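Undergrad: The structure is given below, and queries will be raised subsequently.
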Amino acid sequence: MIQGRCPICAKPFEVERIDDLPTFPFCSERCRLVDLGRWIDQAYAIPGTPADVEPGGAAGPAPGVDEGDAD
Ligand SMILES: [Zn+2]
């Protein structure tokens with residue numbers, strides 16, 4: 001008898017053999033995919049991303065920069 005708790009949704013499970021739970025240590029395929037997705041997110045985050053990169057860009061040229069006389 002194998003007892004455990006899904007690390008994703010914290011749902012307890014109990015199976016006779018490990019073969020009875022192909023998604024071990026997760027309770028279901030859905031939770032297994034959730035964990036996989038988290039790993040992928042981390043993999044994307046690993047390359048040293050500069051800390052000053054801000055989505056939405058506060059930095060940069062302000063709108064309405066004087067382009068001179070358009071004539
Ligand atoms: Zn789960």
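Undergrad: When Lys and Arg each count +1 and Asp and Glu each count -1, what net charge do the other residues less than 9 Å away from Thr23, Cβ to Cβ, add up to?
TA: Once positives and negatives cancel, what remains is +1.
Undergrad: Then there is this: Based on the Cβ-Cβ distance of Ile40 and Cys9, what FRET efficiency does E = 1/(1 + (r/R0)^6) give at R0 = 25 Å, to the nearest 0.05? Please list the in-between numbers first.
TA: On the way: r = 19 Å, r/R0 = 0.75.
With R0 = 25 Å, the Cβ-Cβ based efficiency is 0.85.
Undergrad: At what distance in nm do the modelled label points of Ile18 and Met1 sit from each other, each positioned 7 Å from its Cα along Cα→Cβ?
TA: Once both label points are built, they end up 2.0 nm from each other.
Where a number appears in this text, it was derived from the coordinates with a stated rule and is not lab data. What you see is a predicted model, and the numbers here were worked out from it, not measured in a lab. Quick reminder, even Gly has a Cβ in these numbers, built from the backbone with ideal geometry, and neighbours come from all protein chains shown.
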